[in-house]
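The block underneath contains the structure these notes are about, expressed in structure tokens.
The values are calculated or read from the model by the stated rules, or taken from the named source; none is laboratory data. What you see is a predicted model, and the numbers here were worked out from it, not measured in a lab. Using ideal geometry, Cβ is built from the backbone for each residue, glycine included, and neighbour counts are taken over all protein chains shown. When the accessible area is computed, the model is the full protein with side chains, heavy atoms only, and any ligands, DNA or RNA have been set aside. Shrake-Rupley method; radii C 1.70, N 1.55, O 1.52, S 1.80 Å.
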Amino acid sequence: MTSTLKAKMVELLEQDRKREFLDLCKQNYAEAVEVSRELFPDYYKEAPKVMALSESLYGKAMEMKERGDVEREIRIPETAIQGGVDLPVCYERLAVLYSKQKNYKGAYEVCTKWFDSVFWKLPQTSTSSLRLLDRLEKLKERVTL
């Protein structure tokens, strides 16, 4: 099964069929994680370092949200994303904040940046990646109007 799944995952990636790839990862989660370890070994070597940074910055952003400090809340995920954060929630939150400010181009660029990274291809981010893909598609309409 794993070799068949790997072949399908590679095919969908090569054809840039993101939604189908993400759905496949969700439906075959355990096996997809195993395959992704083969496909993206560099990520899994660096993951503990990136994850610690990601969680720390996200925690700070949530503090700012609770305080109602939108400007500082925005700066934290912006900094995190520039630093290579791998938490999709940072991208999602920043896109939401930009959208609330009617900065649709900025929100679109944040979503695009997520899909320019390797992180969206990881099965553990598939649910969030699907939400970001939905947001990207909606924002594309607003940006091109």
Where the second residue is open to solvent by 10 Å² or more (accessible area, probe 1.4 Å) and outside any helix (DSSP H, G or I) and the first is among the hydrophobic types (A, V, I, L, M, F, W, C) and lies in the range 95-118, which pairs have Cβ atoms under 7 Å and are six or more apart or on separate chains? Val118/Phe40
Give the residue that is least open to solvent (accessible area, probe 1.4 Å), with candidates limited to residues of the range 82-124 that are within 30 Å of Lys6 (Cα to Cα) and basic (Lys, Arg). Lys121
Quick check on Leu57: is it closer than 26 Å to Arg19 by Cα and of a type outside the set (Val, Ile, Thr)? no
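From the list Glu46, Glu66, Glu11, Glu20, which one is within 21 Å of Lys113 (Cβ to Cβ), charged (D, E, K, R) and surrounded by fewer than 17 Cβ atoms within 10 Å (Cβ to Cβ)?
Glu46 is the lone residue from the list that is within 21 Å of Lys113 (Cβ to Cβ), charged (D, E, K, R) and surrounded by fewer than 17 Cβ atoms within 10 Å (Cβ to Cβ).
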Consider only pairs whose beta carbons are under 7 Å apart and that are at least six residues apart or on different chains; among these, list those whose first residue lies in the range 122-145 and is without any contact (Cβ under 8 Å) to a residue 60 or more places away in the chain and whose second residue is charged (D, E, K, R). Ser128/Glu92; Arg131/Glu92; Leu132/Glu92; Val143/Lys105
Please report, ordered by residue number, the helices (runs of 4 or more DSSP H) entirely within the range 1-115 with at least 2 residues that are touching an Asp or Glu at 6+ places or on another chain (Cβ under 7 Å). 2-14, 41-67, 88-100
